1. Each residue of segment 121-126 in order: what ³J(HN,Hα) in whole Hz does its phi give by Karplus 6.51 cos²θ - 1.76 cosθ + 1.60, θ = phi - 60°, with x for Gly and Pro?
2. Compute the signed sum of charges (Lys and Arg +1, Asp and Glu -1) over the other residues within less than 12 Å, Cβ to Cβ, of Val54.
3. Taking the Cα centre of segment 29-146 as origin, sum charge times position over the Cβ atoms of Lys and Arg (+1) and Asp and Glu (-1), and report the length of that vector in debye to the nearest 20.
4. When the Karplus curve 6.51 cos²θ - 1.76 cosθ + 1.60 is applied with θ = phi - 60°, which whole-Hz ³J(HN,Hα) does each residue of segment 83-93 get, with x for Gly and Pro?
5. So which trypsin sites (Lys or Arg not before Pro) in segment 107-138 are both in a DSSP loop and have at most 12 other Cβ atoms within 10 Å of their Cβ?
6. Percent antiparallel among DSSP beta bridges with both residues in segment 89-162, to the nearest 5?
7. Under 17 Å from the 7 Å Cα→Cβ point of Tyr151, by amide nitrogen: which residues of segment 30-60?
8. Given H placed on each backbone N at 1.01 Å, which residues far from Trp56 in sequence or on other chains put an amide H within less than 5 Å of it?
Amino acid sequence: MMRLALKQTCIAIACSAGLALSGGAVTAQETHSATQITSERDAKRLRTAQGVTVQWIGWEQRGEVYVEHGPSGVWRINGLQRGDGGRLAVDGVITEIGEDYFLLDGRIVISGTPDKDRLCVQDKVWRFEVTQDRTYYRLREFEWCDGLTDYVDVYFSPRLRG
């Protein structure tokens, strides 16, 4: 039930901005091959993901994130963080999971933060990596929208570090 509510909220964010989620996001499991997994440790990290953040909203209160994989072997990620009028939404298919990284074919939306009129929406293949023995994957494109540096992070259990 919570996953459905999170997905509906992510869709509502895009719709309230006058956007619709891409058709690919709705039928992603039908249009993607099975997720390529070359690191079981990183697959476990993602199966037990513990939150999503963008620094403008804050690192203290993480947003919810869900990673699921179906019988076809396609992994999906859906995350949402809200606070102080801003929102971060991450949604799509994880196409590859490797040592200290994953690739997301999907949409990232940042709205209302750090400025209330800010809206960043992009569909593409995104790369997230773990660096410097941290306990999160960080989006490796920092200035992808309007020149501001956005730190988008997906957290995993500290027990799975290194």
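1. Ordered by residue, 3J(HN,Hα) equals 9, 8, 10, 5, 8, 10 Hz.
2. +2
3. Dipole of segment 29-146, to the nearest 20 debye: 240 debye.
4. 3J(HN,Hα) across segment 83-93, in whole Hz: x, 6, x, x, 9, 10, 10, 10, 8, x, 9.
5. Lys116
6. Rounded to the nearest five, the antiparallel share is 100 percent.
7. Under cut-off, by backbone N: 51-60.
8. Tyr151
The numbers here are math on the coordinates, done by the rules we state, and not lab data. Remember, predicted model here, so these are calculated numbers, not experimental data. Because the Cβ atoms are built from the backbone with ideal geometry, glycine has one as well, and the counts that use them run over all protein chains shown.
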